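The values are calculated or read from the model by the stated rules, or taken from the named source; none is laboratory data. The model shown is predicted, which means the values in this text are computed figures rather than measured ones. All Cβ positions, even for glycine, are placed from backbone atoms using ideal geometry, and neighbour counts span all protein chains on display.
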Amino acid sequence: MKPILLALLLMAVMTGAAIAAQPGALSDPKLEARAVTLQKELRCLVCQGESLDESNAPLAADLRHLIRVRIAVGDTNEEVERYLVARYGDFILMKPPLEPQTYLLWFGPFAVLLLGGTIVGTVVFRARKKLKAEKA
Amino acid sequence: MTGEIGQLALTLAFALSVIAAISGLAGARLNGERARAVATSSSIGMFVLIALAYAALTYAFVTSDFSVLDVAQNSHTAKPLIYKITGVWGNHEGSMLLWVLVLAIYSAIIAFAQRGSARLTSAALGVQGLLASAFLLFILFTSNPFLRLDPPPFEGAGLNPLLQDPGLAIHPPMLYAGYVGLSAAFAYAAAALIAGEANAAWARAARPFMLLAWIALTAGITLGSWWAYYELGWGGFWFWDPVENAALMPWLIATALLHSALATERTGAFRSWTLLLAILGFSLSLIGTFLVRSGVLSSVHAFASDPTRGVFILMMLVAAIGGALALFAWRAPQLQSGAAFEPVSKETALLLNNVLLTAAAATVFLGTLYPLLLDTVTGTKISVGPPYFAITFAPIFVVLIFLVPFGPRLGWRNGDLKAASRALAPALGIAAVAGLSLLAIVSPRSLAAAGAFALAGWVIAASVIDLTRRGRVRSLPASAYASALAHAGLGITLLGVTGTTVWRSEAIDVLAPGQTMPIAGYTLRLENVQPIQGPNYQAARAIVTVLRDGRTVTTMMPEKRAYPAEGQVVSDTAIHTTGFSDLYLALGDQQGNGWTLRAYVSPLAPFIWFGGAFMAFGGIAGLWGRLRARRNLAVPQAVLAK
């Protein structure tokens, strides 16, 4: 474990040294764009509802840096997310994963729509029958 | 002394609220004339006393009376006068007092206006009295703003600098006028069930209150979003934060209610559904109050460590919502729906509107409360952020906006879809042109943006068509303006949201005086950074010259303010707007001899709030038409009576 950490630290220092004017930005614009996308989808752990992208908190700055380190090491976006989820839990994802305990969250809105649609269908059907009865 | 006057006034107001509750409900019986008179006068008396208590607290804030605990904890002598006055609602105790003040104002209006039958008004005052008594009890026992401090400190702790801002000064009263205003619709709905008068008349009596609440809620949310935009310093306008969602949910249901009540008034259709929406709307206001005021949001555990307030509100919530729903379940089945209409008709359109808005509200509800629920039940922590709402909420609204133009163009009972489509054909053309030209001209090319522009073009053009098709523009009824303005507002906001989301540019750089940075065609040159002494803060003010094609456009002065009393640093952004696009600057930290400068160019950002204003003006047009129509009706009746 320790050598990996050390390597990471070294990487961190190196990417840190490679910064242009923007503090901590990756020099490759493509990689930097990926980092920005990622930090918008991840949550600042100590703030109320802010993404890593928006937060001023020191921890968020550290995590923004960590994302860049992982990208520099060659991680894909998914690998970076998996890396962070393994350490901080699902809480860090702004978009909760689809798993049995979030089924209600994800399918709830569509269930309401389906139920509402069915009710509207029945009401409209009855209203039409009534209108016909009135006319007859 | 003022503290004691306030305390006494509040206690007496509680007594009067109980009297209003009992007499109001008793007055709903057939021969309750005396009780009704008592309900009216005690409701007005309750309003006067709460206003007195509120004035007393304001006086304590203005004179910096630090022997009052609430003032000592939330005010400061050096604070400008305006923020001493608005600071009254910048804290828990004061904002709860504002809450009941607004409730009492609505009670007083109901008592004075006497809309609907005497029994209906009386029962509505009774329900308002019940709500007021519960909240006054809450204030007196858990959130008393008049508690004393002995010995008083020499200086107060100050107000959160983020709240020391003109936008936030008017945002909470506006929001409360809407939030709490839904209590009037709730009270009338419960009254209709209690008095056995759940017919079209209650909806007519309650409509001005629904409109008033909706206008205030719309304006309050718009102002809040604008404040977040310029004050938080990140250029965002909506964060799907639970506190924002708490206001959005009642707005969605209130919008559904306004539409459903239209059918109930006109044809007596959907009676029970309209009642249910009125109950749901205010229930969501109560849930919002619980979320914001109990501390449950910051953390479930913070809530558990000091649960008095939260548990109290939770009990009120269960009693009010449970009671109203039980009443509904008991009385509503007796209501015959009686609606008879063709599948293609305004009624069906209104039903679809209601299903979509309710589903949208349910989505926000799930997204806001699910993480709390999951944490409480399983201990698993998840976050529900903007990506969730983009997948669930946005498609529902897309369908809704697509269907909006058909509503006003379909007739009651039996609509003509062909005629409606013919009338709307030019709008479809405009939508196609808007979408396609966007794809052709603007880069980066975005299919989603093109779709959104087409949708916005469709709903805005349809609103214009709706006005021109109904006859001479001058002789149009106010209700035509109301729906056209509100629906067009929806499209305008959509344009703004799309523009800022898709084409926003950002730039961050560290600049020393004289250095420049480019953003979206502009060049920003930092001239210098000066220290500024404000009334209760010290600021670093950057002077930034904005150049375009070598010519100076404007000079902008973003600030970074340090408030020593509160120990906080906030950024005061500078915004240069053309009406179509915003250039937005925020000053960051000093780094060596340079300063971090963040810049955003947000195309169409102002449209977000223009759209909100359009919607609110639509509501005002509707309210104005309603009050005028009533006066016109009232005169012949008075003549007839003679």
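Note on region B:212-234: residues that are under 30 Å from B:Glu265 (Cα atoms) and either touching a Leu at 6+ places or on another chain (Cβ under 9 Å) or within 14 Å of chain A (Cβ to nearest Cβ) (or both) total 9. Taking the criterion of being among the aromatic types (Phe, Trp, Tyr), under 12 Å from B:Leu159 (Cβ atoms) and over 20 Å from the mean Cα position of the chain (by Cα), the only residue of region B:69-112 that qualifies is B:Tyr83.
Identify, please: which residue in region B:549-563 is part of a strand (DSSP E or B) and of a type in the set (A, V, I, L, M, F, W, C) and is, among those, nearest to B:Gly158 (Cα to Cα)? Among residues in region B:549-563 that are part of a strand (DSSP E or B) and of a type in the set (A, V, I, L, M, F, W, C), the one nearest to B:Gly158 (Cα to Cα) is B:Ala562.
Any idea which residue in region A:99-136 is nearest to B:Gly385 (Cα to Cα), counting only those that are at the interface with chain B (Cβ under 8 Å from one of its Cβ atoms) and among the polar types (S, T, N, Q)? In this case the residue turns out to be A:Thr102. Scoring B:Ala198 on the criteria (1) at pLDDT below 90; (2) in contact with a Gly (Cβ under 6 Å, 6 or more places away or on another chain) leaves a single failure, condition (2). Residue under question is B:Leu439, and the condition is that it be out of contact with any His (no Cβ under 7 Å at 6 or more places or on another chain), more than 30 Å from B:Gly521 (Cα to Cα) and free of Cβ contacts under 8 Å to residues at least 24 places away in the same chain; does it hold? When the stated conditions are applied, B:Leu439 does not pass them. In region B:514-526, the qualifying residues are those that are away from every other protein chain (no Cβ under 14 Å) and in contact (Cβ under 8 Å) with a residue 24 or more places away in the chain, and the one that is surrounded by the fewest Cβ atoms within 10 Å (Cβ to Cβ) is B:Gly521.
In region B:263-272, is there at least one residue being surrounded by fewer than 24 Cβ atoms within 10 Å (Cβ to Cβ), assigned to a helix (DSSP H, G or I), more than 13 Å from chain A (Cβ to nearest Cβ) and modelled with pLDDT under 95? Taking every residue of region B:263-272 in turn, at least one turns out to be surrounded by fewer than 24 Cβ atoms within 10 Å (Cβ to Cβ), assigned to a helix (DSSP H, G or I), more than 13 Å from chain A (Cβ to nearest Cβ) and modelled with pLDDT under 95. Out of B:Thr58, B:Thr77, one residue alone is assigned by TED's automatic domain parsing to the domain that holds B:Gly156 and not in a helix (DSSP H, G or I). It is B:Thr77.
Could you look through region A:9-57, keep only residues that are at pLDDT below 55 and in contact with a helix residue (DSSP H, G or I) (Cβ under 6 Å, 6 or more places away or on another chain), and pick out the one that is nearest to the other protein chains (Cβ to nearest Cβ)? Here the answer is A:Thr15.
When B:Gly156 is tested against (1) over 24 Å from B:Asp70 (Cβ atoms); (2) in contact with a Phe, Trp or Tyr (Cβ under 7 Å, 6 or more places away or on another chain); (3) surrounded by 24 or more Cβ atoms within 10 Å (Cβ to Cβ), just one condition goes unmet, and that condition is (1). Just to be sure I understand, how many residues within region B:543-578 are free of Cβ contacts under 8 Å to residues at least 40 places away in the same chain and in contact with a helix residue (DSSP H, G or I) (Cβ under 6 Å, 6 or more places away or on another chain)? So the count comes out to 1.
For the condition modelled with pLDDT of 90 or more, out of contact with any strand residue (DSSP E or B) (no Cβ under 7 Å at 6 or more places or on another chain) and not in a helix (DSSP H, G or I), A:Leu113 does not qualify.
Given B:Gly167, B:Gly178, B:Gly126, which one is in a helix (DSSP H, G or I), surrounded by fewer than 17 Cβ atoms within 10 Å (Cβ to Cβ) and touching a Gly at 6+ places or on another chain (Cβ under 9 Å)? So the residue among B:Gly167, B:Gly178, B:Gly126 that is in a helix (DSSP H, G or I), surrounded by fewer than 17 Cβ atoms within 10 Å (Cβ to Cβ) and touching a Gly at 6+ places or on another chain (Cβ under 9 Å) is B:Gly167. Quick one: would you say A:Val69 is among the β-branched types (Val, Ile, Thr), more than 18 Å from the chain's Cα centre (by Cα), within 7 Å of chain B (Cβ to nearest Cβ) and part of a helix (DSSP H, G or I)? No. Those helices (runs of 4 or more DSSP H) of region B:341-449 in which at least 3 residues are away from chain A (no Cβ under 14 Å), considering only elements entirely within it, cover B:406-409, B:417-441.
Selection over region A:44-92 of residues that are surrounded by 13 or more Cβ atoms within 10 Å (Cβ to Cβ) and either touching a Gly at 6+ places or on another chain (Cβ under 8 Å) or small (Gly, Ala, Ser) (or both) gives a count of 12. Being surrounded by fewer than 22 Cβ atoms within 10 Å (Cβ to Cβ) and of a type in the set (S, T, N, Q) is the filter; apply it to region B:1-44 and report the residue that is nearest to B:Trp202 (Cα to Cα). Among those residues, the one meeting the criterion is B:Asn31. Of all the listed residues (B:Phe209, B:Phe237), the sole one being aromatic (Phe, Trp, Tyr), away from chain A (no Cβ under 14 Å), in contact (Cβ under 8 Å) with a residue 60 or more places away in the chain and more than 14 Å from B:Leu175 (Cα to Cα) is B:Phe209.
Residue-level check: of (1) surrounded by fewer than 24 Cβ atoms within 10 Å (Cβ to Cβ); (2) part of a helix (DSSP H, G or I), B:Val71 misses just (1). Criterion applied to B:Gly489, B:Gly385, B:Gly379 was being among the small types (Gly, Ala, Ser), closer than 30 Å to B:Leu297 by Cα and touching a residue at least 24 places away in the same chain (Cβ under 8 Å), and the one residue passing it is B:Gly385. Across region B:458-474, which residue is modelled with the lowest pLDDT among those that are in a helix (DSSP H, G or I) and over 15 Å from B:Ala486 (Cβ atoms)? Result: B:Val473. Going by what's in this entry, would B:Ala324 be described as of a type in the set (Gly, Ala, Ser), more than 10 Å from chain A (Cβ to nearest Cβ) and crowded, with 23+ Cβ neighbours inside 10 Å? Yes.
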